[in-house]
There are 2 protein chains.
Amino acid sequence: MKLSKHNLDQRLEHEYDVIIVGGGAGGLSAAIYLQRYRLSCLVIEKGKGRSFWMQELRNYLGLSPETPGRDLLKQGQDHILELGADYLRGFVEEVRDEGEAFAVKVKVGRQDSIYPVFRAKYVIAASGIIDHLPHLDHMQNVYDYAGYNLHVCLICDGYEMADKRCGLFVGSEGAINTAFVLNWFTPYITVFTAGQVSVGEEMRQKLRDHGYPLVETPIKQFVGHHHEMTGVELTDGDIVPLDTGLVAMGSHYHNEYLKSLDLDWKGGNLVTDSMCRTSHPRLFAVGDLKEGLNQVSIAVADGTLAATAIWREIRRNSAPRRWEDNLIGAVP
Amino acid sequence: MKLSKHNLDQRLEHEYDVIIVGGGAGGLSAAIYLQRYRLSCLVIEKGKGRSFWMQELRNYLGLSPETPGRDLLKQGQDHILELGADYLRGFVEEVRDEGEAFAVKVKVGRQDSIYPVFRAKYVIAASGIIDHLPHLDHMQNVYDYAGYNLHVCLICDGYEMADKRCGLFVGSEGAINTAFVLNWFTPYITVFTAGQVSVGEEMRQKLRDHGYPLVETPIKQFVGHHHEMTGVELTDGDIVPLDTGLVAMGSHYHNEYLKSLDLDWKGGNLVTDSMCRTSHPRLFAVGDLKEGLNQVSIAVADGTLAATAIWREIRRNSAPRRWEDNLIGAVP
């Protein structure tokens, strides 16, 4: 059921089989499987994750390419509630290992916040990432285009950028190398550093060799209409006309709540085994938090794997159910 | 575009980037990604695979739990045709490695068949499995219930069987062990061997210990109405009342066309790496053909992985695209 400030007291004494931190594609898929394995789970969703911002989910089998990410999330929420999962809007502040169970401290409510603690045998970290965006004085100008024709995922949206004039917005010199993958889709690439990046001579030469302009003047704003970005206005008044853009400024990982646990990391990613188990035997990680492709299809499969591994373990540690009342007579 | 006997000549000189054998969940997902990576692909589907028979796809995020498998397949076919993939109904008889490319021989048409040969750099084997069903004199009686409340997948449908009287239909002694997983969902299990299985004393004792009857009399027919099986009629006239059933008689792997290739197998499954590549560097396997869970969500992710690995390889071996006509003036 849907939990809120007003009814969550009912669950504070309950030990869930699994608490899932994050109600995106990975977390919802895990919850579908867990409930169908007859395990109890609570999904805690802070809201507005990466899939919420996807305007069109163009590469997920079964859904029309125009499906917005938020429709996928809504369908999944309805699906898991129908299966009896609990769902709470809240921000997970800390996951503490108490030995037999995890204690999960949640901030609920932006105003008059409360801080309930829920308990579960297992935790699935499914809280994902959020992309860094160019930082302008008026961020609404960025939000007007991000997720529309100002993309954040090359694998998802390279196809949409094919043979178009594309701005590549970077936050580090290394990220400029994205140009040499993006050029599979389009050669009409202009790289924007907004004056925030020190670019060495080797990289400058590589860009010249490919004919990709490097624009280091700070950005005043994106120009365009109706969520369709048509160029970039620089602080010196110049306008660079564009048909599309790709932001490659890295991501923020929503994993602060795990920092007290001793886990294996590779860069920002959690290291997991083939069933999405981290180096902690009762903690799983799915989707963008772990190594691998940041794709909805991968997160959904990760949820399947993590839920199945947990079910197998709980099942094997449970007493087998015998048929006490034999309805069809004596066993031969 | 849709290929048929009447227009496939147009593609016999074309070398595809990828031919995908099988248009189920894994194959269609791979085709979506490949087309969006701007690679050319042909999907060859023999029809009536495992997902076609699923009456309700209850555990795939984004689709209502009542969605039939054939709706997923139809949506995927429309999706890949819109993206420019080719699609052919036919049966792949052989995949031959010609060194630089694979030659894929297809039987097209049940009557007046023709046997065109298509070529591709890569092949994705996505042809899946089909479950063995109890063999009765009148197979239509089995088809009336299979995929409805006579299930074939414990992970998918254990939830539907919860606490119901369940018939477990086995084709080997080993398969009887399925009872000791199925009993997570229901303890009211009756095992049917149809007299085809030699059951040792140890297994008989284990069944007795759990209170699960073993019925070795051959089956005359399933009884029920409107796709709802309500029991089994034995050849001796007895009727065993049931609420549901699980068939655990193994599967037929659609992989005969690969037998001339030297590949690593583990049992009936192809061994693959983390990107679904088999031991042949240009052959990938996705979904039920490979090791792992036989789930739609896994097949869809497999398609993502195989397509991405192929794209990376083709891209890295291609000349980079330079911006020849610099639209915004000299490079700084």
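The values are calculated or read from the model by the stated rules, or taken from the named source; none is laboratory data. This one's a predicted model, so the numbers in the text were calculated from it and none came from an experiment. All Cβ positions, even for glycine, are placed from backbone atoms using ideal geometry, and neighbour counts span all protein chains on display.
Filtering region A:313-332 to residues that are at pLDDT below 90 and assigned to a helix (DSSP H, G or I) leaves nothing. Among the residues of region B:193-206, some residue qualifies, meaning at least one is at pLDDT 95 or above, within 26 Å of the chain's Cα centre (by Cα) and farther than 30 Å from residue B:22 by Cβ. Within region B:11-33, the set of residues being within 14 Å of chain A (Cβ to nearest Cβ), in contact with an Asp or Glu (Cβ under 7 Å, 6 or more places away or on another chain) and either in a helix (DSSP H, G or I) or farther than 28 Å from residue B:150 by Cβ (or both) comprises just one member, B:26. A count restricted to region A:147-180 and to residues that are closer than 15 Å to residue A:203 by Cα and surrounded by fewer than 18 Cβ atoms within 10 Å (Cβ to Cβ) stands at 5.
It is to be established whether one or more residues within region A:51-73 are under 15 Å from residue A:85 (Cα atoms) and among the β-branched types (Val, Ile, Thr). I'd like the intermediate steps shown before the answer.
Initially, region A:51-73 is screened for residues under 15 Å from residue A:85 (Cα atoms), giving A:73.
The next check asks that each one be among the β-branched types (Val, Ile, Thr); those that pass are none.
No, region A:51-73 contains no residue that is under 15 Å from residue A:85 (Cα atoms) and among the β-branched types (Val, Ile, Thr).
This table checks each residue for (1) at pLDDT 95 or above; (2) outside any helix (DSSP H, G or I); (3) within 14 Å of another protein chain (Cβ to nearest Cβ).
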site: B:273; (1), (2), (3): yes, yes, yes
site: B:284; (1), (2), (3): yes, yes, no
site: B:299; (1), (2), (3): yes, no, yes
site: B:307; (1), (2), (3): yes, no, yes
site: B:311; (1), (2), (3): yes, no, yes
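Scanning region A:47-64 for residues that are under 15 Å from residue A:148 (Cβ atoms), free of Cβ contacts under 8 Å to residues at least 24 places away in the same chain and within 10 Å of another protein chain (Cβ to nearest Cβ) yields no hits at all. Scanning region B:97-113 for residues that are exposed (fewer than 12 other Cβ atoms within 10 Å of the Cβ) and either among the β-branched types (Val, Ile, Thr) or in contact with a Lys or Arg (Cβ under 9 Å, 6 or more places away or on another chain) (or both) gives B:98, B:100, B:112. The residue that is nearest to the chain's Cα centre (by Cα), counting only those in region B:140-159 that are farther than 15 Å from residue B:181 by Cβ and not aromatic (Phe, Trp, Tyr), is B:147.
Based on what the data block shows, is residue A:268 within 16 Å of the chain's Cα centre (by Cα), under 30 Å from residue A:159 (Cβ atoms) and of a type outside the set (Asp, Glu)?
yes
A count restricted to region A:238-295 and to residues that are surrounded by fewer than 22 Cβ atoms within 10 Å (Cβ to Cβ) and in contact with a Cys (Cβ under 8 Å, 6 or more places away or on another chain) stands at 2. Whenever a residue of region B:74-97 is within 11 Å of another protein chain (Cβ to nearest Cβ), its partners that are aromatic (Phe, Trp, Tyr) and assigned to a strand (DSSP E or B), lying with C-beta atoms within less than 8 angstrom and at least six residues away or across chains, give the pairs B:77/B:87; B:80/B:87. Of all residues in region B:34-46, those satisfying the criterion of being surrounded by fewer than 24 Cβ atoms within 10 Å (Cβ to Cβ) and either without any contact (Cβ under 8 Å) to a residue 40 or more places away in the chain or more than 13 Å from chain A (Cβ to nearest Cβ) (or both) are B:38, B:40, B:46.
Considering (1) part of a strand (DSSP E or B); (2) within 22 Å of residue A:131 (Cα to Cα), the lone condition that residue A:240 does not fulfil carries the number (2).
Look at region A:208-222: where a residue is in contact (Cβ under 8 Å) with a residue 24 or more places away in the chain and a partner is among the aromatic types (Phe, Trp, Tyr), sitting 6+ places away or on another chain with Cβ atoms under 6 Å, you get A:211/B:323; A:212/B:323; A:215/A:192; A:222/A:145.
Looking for whichever is farther than 22 Å from residue A:309 by Cβ and either crowded, with 22+ Cβ neighbours inside 10 Å or in contact with a His (Cβ under 9 Å, 6 or more places away or on another chain) (or both) here; the options are B:319, B:299, B:307. Which one fits? Before you say what the answer is, go through the steps one by one.
Working: B:319 fails: either crowded, with 22+ Cβ neighbours inside 10 Å or in contact with a His (Cβ under 9 Å, 6 or more places away or on another chain) (or both); B:299 fails: farther than 22 Å from residue A:309 by Cβ.
Step by step, each of B:319, B:299, B:307 is checked, and only B:307 is farther than 22 Å from residue A:309 by Cβ and either crowded, with 22+ Cβ neighbours inside 10 Å or in contact with a His (Cβ under 9 Å, 6 or more places away or on another chain) (or both).
Yes or no, residue by residue, for (1) under 20 Å from residue A:320 (Cα atoms); (2) among the aromatic types (Phe, Trp, Tyr); (3) at the interface with chain A (Cβ under 10 Å from one of its Cβ atoms); (4) outside any helix (DSSP H, G or I):
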{"residue": "B:177", "(1), (2), (3), (4)": "yes, no, no, no"}
{"residue": "B:184", "(1), (2), (3), (4)": "yes, yes, yes, yes"}
{"residue": "B:203", "(1), (2), (3), (4)": "yes, no, no, no"}
{"residue": "B:207", "(1), (2), (3), (4)": "yes, no, yes, no"}
{"residue": "B:217", "(1), (2), (3), (4)": "no, no, yes, yes"}
{"residue": "B:221", "(1), (2), (3), (4)": "no, no, no, yes"}
{"residue": "B:252", "(1), (2), (3), (4)": "no, no, no, yes"}
